[in-house]
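The values are calculated or read from the model by the stated rules, or taken from the named source; none is laboratory data. Here the structure is a predicted model, which means the values were calculated and not measured. Because the Cβ atoms are built from the backbone with ideal geometry, glycine has one as well, and the counts that use them run over all protein chains shown. All accessible areas refer to the heavy atoms of the entire protein, side chains included, with ligands and DNA or RNA removed. Shrake-Rupley method; radii C 1.70, N 1.55, O 1.52, S 1.80 Å.
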Amino acid sequence: MRLTQHKKALALCGGIILIGAGIFAITGHSQSTKKAVAQHLNLYETATISSLDVAKITDSVSGNTLSQVGEGLYRLNADSQAQNALATKTTVTDSGHHYTINLRHNAKWSNGDPVTAQDFVYSWKRTLNPKSKSEFTYQFANIKNASAIAAGKKSPATLGVTAVGKYQLKITLSQPAAYFKQMLASTTYYPLNQRAVKQYGRKYGSSAATTVYNGPFVLKNWNGTSDSWTLKKNPTYVDAKSVKLSSIKYQVIKTSSTAYNLYQSKRLDAVTLDGEQTTQNKNNPNLKSLAAGRIGFIQYNEDNKIAANKNLRLAISLAINRQQLADHVLKNGSQPAKTFAIHHMMTNAKTGKDFTTDAYVKNTADYNPTLAKQTYQKALKQLGKKQLSVTITCGDDDTTKNVAEFIQSTVSSKLGLKVNVSAMPFPSMLSNVSKGNFELNLTGWSMDNADPIQSLQILASTNNSNMGHYDSKTYDQALAKSEGKDALRPTARYQDLLTAAKTALTDQAVTPLYEARTNTLVNPKVKGVVYNKFNGSPDYQHAYVTD
C-alpha cells in the first residue's frame, strides 16, 4: 500500500501519502515499413521518485518504479492473483502456518550476482530492524516474531524465515492469512543484494547508480531528485527474452493541461485525464476507465489540540458533499466513499452485500449540513473558541489542489470554519506529515490487494503509517482478532473487520472522501500492458509498440 499522488494525486499515492498516484503516457514512434518499430515508451508521473530502497518506499511513484526494475517471489496478474515470478513452486502446510517456496536458479542481479533465497531473508530482516525506520514493517506482521522485531523487542535473527541452500525459502507464520501469497508480491517483500547494500551504505537506493536491479528494466539518469529518468531493458533479467521494450522515458508533469496538450499534439501517445478532459472524451474509443484501488481521505493530527476534537472532525465530514466532489470536481468515475475501504474487496458470505455497504454508519460520511453546523458548535464550545481556523496540507498537482479547494470552499461556507490550503511538492508534504507538522492532510491510500485489511491496518495504534496517531483499543482488538484467531475463519473475520471499520467511522479517525478511478487515453498501437483490475497499476513487462 502506498501513499499516493493524485492523477490525481494519493499518491491524494500519494501514497499513500498521499493524494497520489502516478500518471503515465506512452509514445510509439511510427517507422517506415522497411524499419522495425522503435520499442520505446514515454511515460509520466506527477512526482519524482523518493527512493528505491525497499525499506524506505512509502509512495506510489517509487513503488511503481521498483515494480518495473525489481522482481519478487510473485507478480499480480490483472485479477490481483499471485503468479510465479522468482518462485517456481509453493507448498503450504500446517494449516497455513508454513510456506516452502522454491526459487528459480538462473535469476541474476545487474551486478552479476545470483538472486538467492538469502537475498529475501536479508531484505526482510533489514526492513524489520528498527534501525531502518521503515514505515511498512506492519506488512510482515503475519510472519513469526516480525512485530516484536519491529518493536525492538527481539533480534532480527529470530524472524520466521530461513534460506535452505541457495534456492529454497521457508517461512513460518504466527498469523496465517488467506491473502498472504498476494502480500508476498508487494515490493516491500522484494529481495536485496547484500553486497550492494554494504557497498553503498545509507546511499543505497538513493540514485540510479547506487541501486542494483533484478527486474525487467534497469534505471538510468536518476540522481535522487531528477524530474526525468529512463528505464532500459535489463539484459540480465531472468526473462529478458519476453521483454520487448528497449526503453521507457519518464518525466514529471504536475499539470494535467500540459500533459493533455502534449497528447493532442501527438507528442504523447497516452494521457491520464482530469474531469473536464474526461467529459470531452467520453465517446473516444481509446478511453480506458481503470480502477485505482485507492481511497482519498482527510487524516487528522490527533497530537494537535484542534484536530484532536472529534466533533470538529465529524462536522467537517458532514459538511462535505461527496457526490458533488465526485461529479463536479473529480469527474473521472470516482465514487463517494461510505467507509475507509473500497468496493470489491470483500462480500458478506450470507447476504452477498459488499463490505462497504455493511460497514456504513449513518451520519458519519454523509452530507448533512444541518447536523454539521450543530456538531461544529459543540466543537467550538469544547475548545472554548468563538471561531476556528485550520490548515489542510496537500500535494501541489492540479487534481489534488482542486479537491483541497473544494473542501476549503464547502467547509467554510457550511460551517464558518476558516480553512487554509497549503499545497507543496509531494516529497515535502510527505516529510512534513511524517514529522507531525500538520493539522489536516489531504491524502490517499493505495491497496496492494483486495482485502479491507489493506486500508484498515494503517489506523492501528502501532502502525508506522498511522501518522494521525489514532488510538482505539476497540479498533486494535478487532483488527488483532481478524489477523489472529479468526484469520482463517471467514465469517468471524468479516465481523471483526466490520467492527473495526464502524469504530473508525464513529470516531472519525479519518474522513473518507472518494473511491478513485482514472481515465486514460491510450494509443491503440501500444499493446501488452497489463492493468490490474483492482488498482489499475500498469505492468510493462510484456508491453510493445506495433506499426
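When 511, 462, 491 are screened for being touching a helix residue (DSSP H, G or I) at 6+ places or on another chain (Cβ under 9 Å), over 30 Å from residue 268 (Cα atoms) and open to solvent by 60 Å² or more (accessible area, probe 1.4 Å), only 462 passes.
Exactly one residue out of 105, 29 is over 15 Å from the mean Cα position of the chain (by Cα), surrounded by fewer than 20 Cβ atoms within 10 Å (Cβ to Cβ) and at pLDDT below 95: that is 29.
Okay, residues lined up against (1) open to solvent by 30 Å² or more (accessible area, probe 1.4 Å); (2) modelled with pLDDT of 95 or more:
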| position | (1), (2) |
| --- | --- |
| 86 | no, yes |
| 98 | yes, yes |
| 101 | no, yes |
| 117 | no, yes |
| 123 | no, yes |
| 127 | no, yes |
| 131 | yes, no |
| 134 | no, no |
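Out of all the residues in region 367-389, is one or more closer than 27 Å to residue 252 by Cα and not acidic (Asp, Glu)? Scanning region 367-389 turns up no residue that is closer than 27 Å to residue 252 by Cα and not acidic (Asp, Glu).
Cβ separations smaller than 8 Å between residues 6+ apart or across chains give the following pairs from region 88-102 residues that are within 21 Å of residue 165 (Cα to Cα) to residues that are of a type in the set (D, E, K, R) and assigned to a loop (DSSP other than H, G, I, E, B): 88/104. The residue of region 39-69 that is surrounded by the most Cβ atoms within 10 Å (Cβ to Cβ), among those that are in contact with a helix residue (DSSP H, G or I) (Cβ under 8 Å, 6 or more places away or on another chain) and in a strand (DSSP E or B), is 59. The C-beta contact set for region 360-377 (first residue in a loop (DSSP other than H, G, I, E, B), second residue open to solvent by 50 Å² or more (accessible area, probe 1.4 Å) and not hydrophobic (A, V, I, L, M, F, W, C), distance under 7 angstrom, 6+ apart or interchain) comprises 360/338; 361/502; 361/506; 364/506; 365/338.
The residues in region 515-531 that are crowded, with 22+ Cβ neighbours inside 10 Å and either part of a loop (DSSP other than H, G, I, E, B) or under 15 Å from the mean Cα position of the chain (by Cα) (or both) can be counted, and the count is 3. Look at region 158-179: where a residue is surrounded by 19 or more Cβ atoms within 10 Å (Cβ to Cβ) and a partner is assigned to a helix (DSSP H, G or I) and small (Gly, Ala, Ser), sitting 6+ places away or on another chain with Cβ atoms under 7 Å, you get 159/146; 167/117; 169/117. Inside region 139-157, can you point out the residues that are open to solvent by less than 10 Å² (accessible area, probe 1.4 Å) and either among the basic types (Lys, Arg) or farther than 19 Å from residue 187 by Cα (or both)? Answer for region 139-157, where residues must be open to solvent by less than 10 Å² (accessible area, probe 1.4 Å) and either among the basic types (Lys, Arg) or farther than 19 Å from residue 187 by Cα (or both): just 149.
Within region 57-84, take every residue that is hydroxyl-bearing (Ser, Thr, Tyr) and modelled with pLDDT of 90 or more and give me the one that is farthest from the chain's Cα centre (by Cα). In this case the residue turns out to be 74.
Provide a single number: the residues in region 371-401 that are polar (S, T, N, Q), closer than 28 Å to residue 429 by Cα and crowded, with 20+ Cβ neighbours inside 10 Å. Residues meeting the conditions: 3.
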